[in-house]
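Below is one structure, written out as structure tokens; comments come after it.
Every read-out reported here was derived from the displayed coordinates using simple, explicitly stated rules and does not represent laboratory data. Values in this document were obtained by computation on a predicted structure and should not be read as measured data. We place every Cβ from the backbone using ideal geometry, glycine too, and count neighbours over all the protein chains shown.
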Amino acid sequence: QPSRGHQTRVLLKLSGEVFGGGSIGVSPDTVRAIAGQIADAVRDGVQVGVVIGGGNFFRGAELQQRGMDRTRADYMGMLGTVMNCLALQDFLEKDGIDTRVQTAITMGQVAEPYIPRRAIRHLEKGRVVIFGAGAGMPFFSTDTVSAQRALETKCDRLLIAKSGVDGVYSADPKQDPSATKYDELTFAEALANNIRIVDAAAFSLCQENKLDMLVFGMEGEGNITRALRGERIGTLVTA
Ligand code: UDP
């Protein structure tokens, strides 16, 4: 349902794990490659917002299991996402793409605060807006935030980039070799079948607000660009 003539606006969710290239911290080569793919779509006129996870630094639930206070650990997780945002911003700007980072926890020296109407203006001007620090609230995940940001900035579609899997399967294909891939399914089916590739909260936000979600694997050549351009790869989840 592109609402701005031919200009599509999409929200891309990237997992933090990918940014680390398999270890803790940021892998510049990986981020450079991702930025290059986003830049290609932006040059085609696609308006792009990005939410990045923080799993390459900290996950609150994991730190909690190792004895930390959950809420403090979650804030550490949120701060980790901001480092990923700055890394992506750097490589996008090196590619000649204008960007803004907006964070849900204010940190004026590094980023703008999250101001939805201003984010929309940036998007309209062709700037990539990178949303950091999750929702600014413990007990949330960046999947859920990506659905919320997509809705609030009036995106046409939410794109969930996954690593190691190319769409939604009936079960985790790494554990169950008989798992089959869905070409398309509804949010109700995803929730009823307890599919965990994306958070239940993100599925239900999209379901209630009729926002299409594309879950795709980012490993294939140019897959991020293809998804941003509207190609039907991966699995389409709809209301
Ligand atoms: N987080 C949070 N509130 C938010 C978003 C993130 O508390 O709104 C914390 C939470 O601890 C989470 C961590 O930040 O584990 C990193 O985010 P996430 O696990 O979603 O990253 P991903 O798995 O996508 O890399």
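Note on T106 and I24: the extension gain reaches 27.1 nm, defined as 0.36 nm multiplied by sequence separation minus the Cα-Cα distance. Treating each Cα of the stretch 22-61 as an identical point scatterer and summing with the Debye formula, the log10 of I(q)/I(0) at q = 0.27 Å⁻¹ comes to -0.97. In order along the stretch 22-31, phi translates into HN-Hα couplings of x, 10, 6, x, 10, 9, x, 4, 5, 5 Hz, rounded to whole numbers, per the Karplus curve 6.51 cos²θ - 1.76 cosθ + 1.60 with θ = phi - 60° and x for Gly and Pro. Residues whose amide H lies under 5 Å from that of V128, counting only those 5 or more places away or on a different chain, are D98, T99, R100; hydrogens are built 1.01 Å from N in the peptide plane.
Here the label points at R43 and D176, each 7 Å from Cα along the C-beta direction, are separated by 4.3 nm in the simple model. Backbone geometry of the stretch 52-67 corresponds, through the Karplus equation with coefficients 6.51, -1.76 and 1.60 at θ = phi - 60°, to 3J(HN,Hα) couplings of 10, x, x, x, 6, 10, 9, 10, x, 4, 5, 5, 4, 4, 9, x Hz, x marking Gly and Pro.
With a ≥ b ≥ c the root eigenvalues of the C-alpha gyration tensor of the chain, is it rounded (a/c under 1.5), prolate (a/b larger than b/c) or oblate? Rounded.
Looking at the chain only, what percent of DSSP beta bridges run antiparallel? Nearest 5 please.
Numbers: 5 of 34 bridges.
Around 15 percent antiparallel, to the nearest 5.
Label-to-label distance for E208 and R196 is 2.4 nm, based on points extended 7 Å past Cα in the beta-carbon direction. Between M68 and T186, the FRET efficiency estimated from the beta carbon spacing at R0 = 30 angstrom works out to 0.20. Taking all C-alpha pairs of the stretch 80-208, those more than 27 Å from each other amount to 29 percent. The trypsin sites (Lys or Arg not before Pro) of the stretch 110-167 meeting both criteria, a DSSP state outside H, G, I, E and B (loop) and at most 11 other C-beta atoms within 10 angstrom of the site's C-beta, are K125.
Compute for the stretch 164-239: radius of gyration divided by Kirkwood radius, i.e. Rg/Rh, restricted to C-alpha atoms, rounded to two decimals. Intermediate values should be presented prior to the final figure.
Numbers: Rg = 12.2 Å, Rh = 12.7 Å.
Ratio of gyration radius to Kirkwood radius: 0.96.
Rounded to the nearest Hz, the phi-derived 3J(HN,Hα) couplings of the stretch 225-239 under the Karplus curve 6.51 cos²θ - 1.76 cosθ + 1.60 (θ = phi - 60°) are 4, 4, 5, 4, 7, x, 5, 8, 9, x, 10, 9, 10, 10, 6, where x marks glycine and proline. In the structure displayed, which of K174/K210; K94/K154; K13/K125 lie more than 23 Å apart, Cα to Cα? Beyond 23 Å between Cα atoms: K174/K210; K94/K154.
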